[in-house]
1. What number goes with the only condition from (1) crowded, with 16+ Cβ neighbours inside 10 Å; (2) closer than 18 Å to I377 by Cβ; (3) polar (S, T, N, Q); (4) modelled with pLDDT under 95 that S246 does not pass?
2. Please specify each residue of region 376-416 satisfying the condition of being assigned to a loop (DSSP other than H, G, I, E, B) and among the hydrophobic types (A, V, I, L, M, F, W, C).
3. Which condition breaks for E539 when tested against (1) over 21 Å from I379 (Cβ atoms); (2) in a loop (DSSP other than H, G, I, E, B)?
4. Would you tally the residues in region 279-320 being of a type in the set (D, E), in a loop (DSSP other than H, G, I, E, B) and either buried (at least 22 other Cβ atoms within 10 Å of the Cβ) or at pLDDT below 95 (or both)?
5. Output the residues belonging to region 202-248 that are closer than 30 Å to G290 by Cβ and assigned to a strand (DSSP E or B).
6. Going by the structure shown, is L439 aliphatic (A, V, I, L, M) and not in a loop (DSSP other than H, G, I, E, B)?
7. Which residues, counting only those in region 116-149, are β-branched (V, I, T) and within 27 Å of the chain's Cα centre (by Cα)?
8. Taking the condition closer than 20 Å to G375 by Cβ, in the same structural domain as D537 (by TED's automatic domain parsing) and at pLDDT 90 or above, does L445 pass?
Amino acid sequence: MSQIQSKINYFIRNRKVHYAAFILLLFGITLHTIHGQGISIDYEKTGYMQVHNYRSTTDIINNNFVVADVRITRCMRGFRCSQPKEDVPNGYWERMPHKLNLFQDGFSLFNYYMYVAKAKGSLSSRFVVDISFTYSNKEPTTGMEGSKWTLQRLYQEAYMWINYFDTPEFHIPIVRDINVLYGKQDLFDNRPHWKFESAAIILPVKQTIHCTISALRIQINQESSILSAEQEFDLVLKKNGIFVTSDPIVKVIQISDLHINQGDGACFEKCKFDKGTLDFMRDAFDAESGNKLIVITGDMIDYMSSPHYESVILKAVAPILKAQIPFVFVFGNSDYDMMDSNTKLNVYNFIASLPGCYNQKISDLDHRMHGISNGNINIYQIPPLENNQSPDYNALDLTKPQAMITYLDSALIHIDDSQANYLYRLNHHHNEDVEQKLLFFHHPLPNFRPSGKVKLIGTYNEKHYLQTSTDKKILLDIKAAGYKVVGVGHEHENDACIWDEDDKDMILLCYSGVTGESAIRRLDSQYKRRLRVFQLDFEKNHILSWKRDPERQFDPQEIWSEPVNPIV
């Protein structure tokens, strides 16, 4: 007992022990203090993933929240981050899901996060109208008359300025929501009413790709007109899967295999500047006049080289949003992490929230069906409208569409019986009389490998091994449903339409060709990016098709025409 007591006394009197205990205590106090200031776990490194529900413009206006403040917090790596201490009257703090230094070049002890204060619009005490970053603590001169500024020092001589009003001005756009985006010179946010700031957020770390702000800014006196336009699409056209035109011609533009990436060079082959692809799409849309509907048949992005997929998706669809053309999307294998189903849900949720997108909300899908990007759009022709006259959707005879555009998710390179049953349900009864029917998905099926001599127009040289569990009888189901053409992607250097004449029922199997400049080309490195156009003509009752590359329109062909009854 005396020996134990002597050892205890030795440790009590030993100064080295005192010093070590003091260091441990100081370290513990430091961790506790930093934790109170905000420390985060780096979920991007640990692989944590959750399902995000993205808000459309309609949802944001209806929720009636406004941005009341913005803060940037520095957080030590490896610890959880706490929100700013200031209360938000009648609101809450929302943390942007990704750290600002997502593409940091080199090591840093800290991560940086943005917090956005949101408050009920009718009860908020502050209404943000603009955000800017400077290297000076001198108040900006760009503020609106009667507005005020708040200042946050980010580091050394770097500052964030918040321009706001104490009370809302009806004619001044108020910030309703904020997205943090990551990209280079080819990043755009062409969503209506979103103001994209190309200037980077100032951070004290070197980055290969900088982060920027995009803010939804809406005037109070414009809310009604914006809601009316947005809800017309969301609650009528999109919800019911209808496309209305007074023109007898509609063009369905198929875009496939864009393979847009983050622009940081981390793709399968040497990345090319995506701006060339975006410019090609813009010019093609301008060249194809008239009413248009776009179908994106997969591999729109390279998910595995795009840590911030929202930015990459916005870049990919920027020409579509700019031209205000309605569109629909089906998955390819590169659009998500095939080992993590949550990534597919997140990508889908974000795309479905975009303006003009026909993909239904995840809650409205038939989850008994294979995949999630399945659906149908019925096209209705109505009489010409007078100036400023709106269509009367209640007068539509929903049992008699002029055309059908159906799209399926070939998840895991597979089309299954649940999707075949879906085709049967769609086309049974009233839709069996519709003649102009197009079907789209990403992966070519085994039936796309006809043997022997076949008729075709275009290029048909790239032939992947099609290992799939899909029943080959699916093509019989497609024919029985009355589809005149099946449009696919995946094989980048194929752009032919191939006749399949088994059982004396003819159907065309059409490839679009690769649209993206960054996509791999194995056979011909000079193969030009292209897209395919299907023209539906309701007066002449036929379907035409052609392709378009950056220089020209080529390979016109008739897909289908109404049979002429012989004279008896």
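The values are calculated or read from the model by the stated rules, or taken from the named source; none is laboratory data. Please read all numbers here as calculations on a predicted model, not as lab measurements. All Cβ positions, glycine included, derive from the backbone under ideal geometry; neighbour counts span all protein chains shown.
1. Checking S246 against (1) crowded, with 16+ Cβ neighbours inside 10 Å; (2) closer than 18 Å to I377 by Cβ; (3) polar (S, T, N, Q); (4) modelled with pLDDT under 95, the one that fails is (1).
2. So in region 376-416, the residues assigned to a loop (DSSP other than H, G, I, E, B) come out as 382-392, 396-402, 408-416.
Residues satisfying the conditions are I382, L385, L396, L398, L408, A411, L412, I413, I415.
3. It fails just one condition, (1).
4. Within region 279-320, the subset of a type in the set (D, E) is 279, 283, 286, 288, 299, 302, 310.
Next, only the ones that are in a loop (DSSP other than H, G, I, E, B) stay: 288, 299, 302.
Those still in the list that are either buried (at least 22 other Cβ atoms within 10 Å of the Cβ) or at pLDDT below 95 (or both) too: 299, 302.
Within region 279-320, residues that are of a type in the set (D, E), in a loop (DSSP other than H, G, I, E, B) and either buried (at least 22 other Cβ atoms within 10 Å of the Cβ) or at pLDDT below 95 (or both) number 2.
5. Result: I242, F243, V244, T245.
6. So L439 fits the description; yes.
7. Initially, region 116-149 is screened for residues β-branched (V, I, T), giving 116, 128-129, 131, 134, 141-142.
Scanning region 116-149 gives V116, V128, V129, I131.
8. no
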